[in-house]
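Take a look at the structure below.
The values are calculated or read from the model by the stated rules, or taken from the named source; none is laboratory data. Source: prediction; values computed, not measured. As a convention, Cβ positions derive from the backbone with ideal geometry for all residues, glycine included, and neighbour counts pool all protein chains shown. Quick note on the areas: whole protein, heavy atoms, side chains included, nothing else; ligands and nucleic acids left out. Shrake-Rupley method; radii C 1.70, N 1.55, O 1.52, S 1.80 Å.
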Amino acid sequence: MTSRLFILAALAFAACTQQTTNSPNGFVGANDMVLVDLLDGGALVGEGTVGVNRFLFVTSTNTNELRVLDLRVPTPNGITRSALKGPNPLETLSIPVLDRPTALSLDTRYVDGVRRKGSLLYVTSQGGSEVSIVGVELSELREVRRVPMPAPVTAVANLMPDAVTSRLWVATFDGTNSAILELTIPGAANELRKRTTAALVSSLTPKLQIRGASIIAMRAMPGLAGRTLAGRPFCADPAKPCLAISTRGAAGAEGSTSLVDLTTLETAPLQFPGPVRLLSTSDGRLEGTGADEGALAPPPGAIVYGVLDEEACGSFRCGGVAAVDTRGEAGLDGFGVLRADGLPTQPLRWNDGLVRGLSFLAGGRVRLATATDGGIGAFPVLGLMTMSNGDIIFFDALTMSLLDQDTTAASLGAGRFSGSNDAWLEGPTISSGTAQSAQLLATVKDGAFRAQTLTVTWQGELTPAQGLTMPAGVSTSFTAASIASRLAVGDLITFAGQGCTTASVTAVTGATVQFAPTASCAVTSVRIRAGPSAPYVISGSVDGFLGRAASGSEFRSTTAPFVRIPGVDPSSPGLVIPFGTAADTQPPATGVSWSFELVSGLAPLVLVIDPGLFTVGTTCPAQLQLPGATVFEPVQGRVFIAYPSANVVSEFDPLKVIRGGIGPNEGVSCYR
């Protein structure tokens, strides 16, 4: 160990641009991280006698530098790490880069579907107008060049054309238009150092320009044999690059994603269900993991994953992770969403969190309560996403399904009627029971809903609890854009305002609601209840308004399932409630309701690091919130997650995890 430290010190002294700090690891703003392990040709970074040589490069945004977690130093328990040391081996190495680094991208190329990593790391800053290029070999570990750009950088992507050449694409936005610039440079730091900054700037080559939109995300990937667009080969040469790009319009709520053939500049739409703010793909295979399932993974770039932008609707409900399959033939409308079991997959989400980090591992393995093979589930492509509410979620990336730990089916508990009579008044139809404990004939499908209380209300409220605020001068119509789609002719309107009477809806055209009689008062707000055409309002305590139903009809939910369960047809209704006609002849009081508990049958593998499981004095802080970037370390089988708000990088063993809180028993360690 002593000789190793002296070697590291000598190498670090040779890099005069390196700095040190006396903090343990120095992650002050761990917004992104990247694993540096296999260089081109499969050679490990450096050599040593303590196992594989791997480094985790982490941004330290607030100190304008990168820090390096040395993964080569296992202790007897096999998990404790240390920061790479600086010129003084008692201090932590830092690599100064551009101001406020927030994103990292490591040189990559593919050989027969296997990823080969290069020796250059690209560093960018949100809103910055330059790119830092860092050498990641043990003899470098410093910034090699800093390249200014003509406008703020919004995204970068890279793909090496061969073992000795690096190629980088940089998206910029000048406030009106976007441009993609291409930069081809030597793939080795010592050769790149021979190029002046001015020479690099002059080598920037414009490839694309997009007017009136910004590029939010980019991902470079090799061509795929057999891929066609409208009958013609498209991005079909594995030796040539393609570029997936996601754009955003000036208003921020609209955007599109396309695949660009950089040889012909032909584009094909990628049919994500909404605007995308982050793009990713999986490796075809990853050697040395000990898992065979990766051999079944699709080629690199075959499936493009996108994190949907919640800004499109202002809610997590239009967010999540979606997948588009770019294999095979496509028409002029582009490539459609990934299909599983012959059916289209849907965006993957859970609870109310926003996706912050996304990672994939070919041949990934994780502990599963439902697995029959020793409790370990293995997947051709294992996905992992981190959420703003603290959740860490594993999923099957080829079926886009959560890893459900509950083998029981979704069901509905006993129903309760709020009316004063002793008998169940047949709104929702039951098979047996009383007003306080009735068994419904309704059915619910696995994955359709989260656990919650479902309520059916006679002449239920269709407006928010506080009503809809009205502008001055309302007399015969008003605008109700947020709820117009749930209204019908005959719905009952109550006006708030001195001297106001009631009215009913006479027409709904788009977002405009017309009513009669004319309001002859100063209306301040309105509340609307369901009228005779469909008097039953169905809602959930978690999901809110679900729909309406008429007497003698069958309510069939139209919302997409909350999560996809393999083998369950997502195109058929997730909830079916038959209704009787008793209320037509003996109508209950307005607002009377029937309620019943929905048991979701869902227990996905969702984790959260719980500091309460650690002893006093632990390296994990009392609060771990907002997990961000995540990285799989495949050889040692570890997962690393950054917590920028806590200046922490955490680690755990996916083969030991349990659903819910995890701690030391699951191999959790924290570095800060």
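Which residues' amide hydrogens lie under 5 Å from the amide hydrogen of N647, considering only partners 5 or more residues apart or on another chain, with H built in the peptide plane? For N647, whose amide H was placed from the backbone, the distant partners under 5 Å are G29, A30.
Probe radius 1.4 Å, ligands and nucleic acids ignored: give me the carbon and sulfur share of the accessible area of region 514-672 as a rounded percent. Roughly 53 percent of what the probe reaches on region 514-672 is carbon or sulfur. A full extension of the chain between D406 and Q498 corresponds to an added length of 27.6 nm, given 0.36 nm per residue minus the alpha carbon distance.
A full extension of the chain between D162 and T453 corresponds to an added length of 99.0 nm, given 0.36 nm per residue minus the alpha carbon distance. On region 205-263, 55 percent of the accessible area sits on carbon and sulfur atoms, based on a 1.4 Å probe. When a 1.4 Å probe is rolled over the protein heavy atoms, the share of accessible surface on region 150-204 that falls to carbon and sulfur comes to 55 percent.
Only residues of region 251-271 count here: report those whose backbone N is under 20 Å from the spot 7 Å along Cα→Cβ of D333, or say none. From region 251-271, the list is 255-260, 267-271. With an a/c value of 1.5 or above and a/b not larger than b/c for the gyration tensor axes a ≥ b ≥ c computed over the alpha-carbon atoms, region 399-520 is described as oblate.
For region 552-597, the solvent-accessible area works out to 44 Å² per residue, with a probe of 1.4 Å and every protein chain left in place.
If I model region 320-413 as equal point scatterers sitting on the Cα atoms and use the Debye formula, what is log10 I(q)/I(0) at q = 0.15, 0.18, 0.22 Å⁻¹? Computed log10 I(q)/I(0) values: -0.71, -0.96, -1.23. The radius of gyration of the Cα set in region 542-672, together with its Dmax, comes out at 23.3, 70 angstrom. At a probe radius of 1.4 angstrom, the accessible area of region 98-150 per residue rounds to 34 square angstrom. The 1.4 Å probe gives accessible areas that order V489, V355, largest first, as V489, V355. For Q209, put the label point 7 Å out on the Cα→Cβ axis and report which residues of region 238-282 keep their amide N under 16 Å from it. Counting backbone N atoms under 16 Å from the label point, the list is empty. Our summary of shape: the Cα atoms of region 166-288 have principal axis extents of 46, 41, 31 Å, ordered from largest down, in whole angstrom. Note on D584: accessible area is roughly 90 Å² with a 1.4 Å probe, heavy atoms of protein only. In terms of its C-alpha gyration tensor, region 305-463 has a prolate overall shape, because the principal axis ratio a/c (a ≥ b ≥ c, square roots of the eigenvalues) is not below 1.5 and a/b outweighs b/c. Report, to the nearest 10°, how far helix 2-14 tilts away from the longest principal axis of the Cα atoms in the chain, using its own Cα long axis and a range of 0 to 90°. Orientation of helix 2-14: about 90 degrees from the principal axis. Within the set (1) 100, 59, 44; (2) 91, 54, 52; (3) 96, 67, 65, the number that Cα extents along the principal axes in Å takes when calculated for this structure is listed as (2).
Residues T281, T197, sorted by accessible area with the largest first, give T197, T281 [1.4 Å probe; ligands and nucleic acids excluded]. In the full protein context, region 409-481 carries 44 Å² of accessible surface per residue, based on a 1.4 Å probe and ignoring ligands, DNA and RNA. Once the C-beta distance of A414 and N62 is scaled by a Förster radius of 45 Å, the resulting FRET efficiency is 0.25 to the nearest 0.05. C620: net charge of surrounding residues, Cβ under 11 Å, Lys/Arg +1, Asp/Glu -1, itself excluded? Net local charge, C620 excluded: -1.
Spin-label pair D341-V111: with each label point 7 Å from Cα along the Cα-Cβ axis, the two points sit 4.1 nm from one another. Dividing the helix sum by the residues of the chain, where each DSSP H run of 4 or more adds -39500 (n - 2.57), gives a mean residue ellipticity at 222 nm of -1000 deg cm²/dmol. Multiplying the residue separation of T518 and Q436 by 0.36 nm and removing their Cα-Cα distance gives an extension gain of 25.3 nm. Between A511 and T559, the simple label model (points 7 Å from Cα in the Cβ direction) yields a spacing of 2.2 nm. Phi-derived couplings, Karplus 6.51 cos²θ - 1.76 cosθ + 1.60 at θ = phi - 60°, listed residue by residue for region 515-525: 8, 8, x, 4, 6, 9, 9, 8, 6, 10, 7 Hz, with x used for Gly and Pro. Protection proxy ranking for 344-351, 430-437, 181-188, using the average of other Cβ atoms within 10 Å per residue and placing the highest first: 344-351, 181-188, 430-437.
Working from label points 7 Å from Cα in the Cα-to-Cβ sense, the R317 to D584 distance is 3.1 nm.
The string of couplings for region 121-131 from the Karplus curve (6.51, -1.76, 1.60, θ = phi - 60°) is 10, 9, 10, 10, 10, 4, x, x, 10, 7, 10 Hz, one whole number per residue in order, with x for Gly and Pro. Under 1.5 on a/c is rounded, so check that first for region 591-648, then, if it is not, pick prolate when a/b is larger than b/c and oblate when it is not; a ≥ b ≥ c are the square roots of the alpha carbon gyration tensor eigenvalues. Judged from the Cα gyration tensor, region 591-648 comes out prolate (a/c at least 1.5, a/b above b/c).
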